[in-house]
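Novice: Take a look at the following structure, please.
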Amino acid sequence: MQYYVDLFRNALSRMFSKIPIYGPLAASSGASIREGMAELATTTIFSIFPLWFYPIAAKVIYDDPLLSNMLSFVSSGELFLYSAAIVGPLIFLITKKYGEFEGPEGNNDGFPRRLTIQFPSGYSFLVSSILICIFSAFLYGTIRTDADVSGTSLDDPSTKNLFWTSAIIYIFSLSCLFCATVYRINLENTPNRFGKDTRRLIEDWENRDD
């Protein structure tokens, strides 16, 4: 029975590993995932500090409704701005630190030059980040234009749809940041793991019984 359970688990793991952006999580270490979650929590808390601090303070001091205040702070598409701000640095990180332009047959001086990314799901991150920035800019412009004409209210169906769209894009941006952070930590820790294995091998060799 255990054999079939392990077989099914391995099949699911292989299927999950093929999913763009999220697949490499299956091969990530628990320590990297925990550290990535800590960085994500810190980034989330402080990146939206202006959105939650005043509503909580107003609730404590003036007993204002918490949820309605928080929703009013994001009803004008602010989450679109935060989404672009979150994934924007990923474009630089992936292309500058883990990307390299190569010419034909590895000749870096030749043309046409092709971008090679040595990062898990690097091209998926790059394309997703660019699309998030483009859609966020366009939709934020749309919601701000509507606000200038008729004001913003979550009771308006179009505004409500754009609000939920901004929330979905923001959550997706956070998931991209989390995955990219985990993979970066994995890459940074790889030399350390190799170094520990090498040192352990040397110690075993020195302590061997001749």
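Novice: Val74: of a type in the set (Val, Ile, Thr) and either buried (at least 16 other Cβ atoms within 10 Å of the Cβ) or under 17 Å from the mean Cα position of the chain (by Cα) (or both), yes or no?
Specialist: yes
Novice: Related question: Determine if the range 47-70 includes at least one residue that is touching a residue at least 12 places away in the same chain (Cβ under 8 Å), under 18 Å from Ala180 (Cα atoms) and not aromatic (Phe, Trp, Tyr).
Specialist: Among the residues of the range 47-70, at least one is touching a residue at least 12 places away in the same chain (Cβ under 8 Å), under 18 Å from Ala180 (Cα atoms) and not aromatic (Phe, Trp, Tyr), which makes the answer yes.
Novice: Which of the residues spanning the range 126-140 are more than 10 Å from Thr95 (Cα to Cα) and either within 17 Å of the chain's Cα centre (by Cα) or without any contact (Cβ under 8 Å) to a residue 40 or more places away in the chain (or both)?
Specialist: Within the range 126-140, Val127, Ser128, Ser129, Ile130, Leu131, Ile132, Cys133, Ile134, Phe135, Ser136, Phe138 qualify.
Novice: Scan the range 151-166 and tell me whether some residue there is over 20 Å from Ile130 (Cα atoms) and either acidic (Asp, Glu) or modelled with pLDDT of 90 or more (or both).
Specialist: yes
Novice: If I ask for residues that are without any contact (Cβ under 8 Å) to a residue 60 or more places away in the chain and outside any loop (DSSP other than H, G, I, E, B), which ones from the range 15-26 would you list?
Specialist: So the first thing to find is which residues in the range 15-26 are without any contact (Cβ under 8 Å) to a residue 60 or more places away in the chain, and the list is 15-19, 26.
Across the range 15-26, the qualifying residues are Met15, Phe16, Ser17, Ala26.
Novice: Among the candidates Ile48, Ile56, Ile61, single out the residue that is within 17 Å of the chain's Cα centre (by Cα) and of a type outside the set (Lys, Arg).
Specialist: Just a single option satisfies the conditions, and that option is Ile48.
Novice: Taking the range 27-38, which residues are over 16 Å from Leu187 (Cα atoms) and in contact (Cβ under 8 Å) with a residue 24 or more places away in the chain?
Specialist: Met37
Novice: Could you tell me whether the range 84-104 includes any residue that is surrounded by 15 or more Cβ atoms within 10 Å (Cβ to Cβ), at pLDDT below 80, of a type in the set (A, V, I, L, M) and within 26 Å of Phe163 (Cβ to Cβ)?
Specialist: Looking for residues that are surrounded by 15 or more Cβ atoms within 10 Å (Cβ to Cβ), at pLDDT below 80, of a type in the set (A, V, I, L, M) and within 26 Å of Phe163 (Cβ to Cβ), one finds none in the range 84-104, hence no.
Novice: Looking at this structure, is Ser47 touching a helix residue (DSSP H, G or I) at 6+ places or on another chain (Cβ under 9 Å), over 30 Å from Phe163 (Cβ atoms) and not aliphatic (A, V, I, L, M)?
Specialist: Working: touching a helix residue (DSSP H, G or I) at 6+ places or on another chain (Cβ under 9 Å): yes; over 30 Å from Phe163 (Cβ atoms): no; not aliphatic (A, V, I, L, M): yes.
Judged against the criteria, Ser47 is not a match.
Novice: Run Arg9 past the list (1) surrounded by 13 or more Cβ atoms within 10 Å (Cβ to Cβ); (2) under 29 Å from Leu187 (Cα atoms); (3) of a type outside the set (S, T, N, Q) and report the number of the one that doesn't hold.
Specialist: (1)
The values are calculated or read from the model by the stated rules, or taken from the named source; none is laboratory data. From a predicted model like this one, the values you see are computed outputs, not experimental measurements. All Cβ positions, glycine included, derive from the backbone under ideal geometry; neighbour counts span all protein chains shown.
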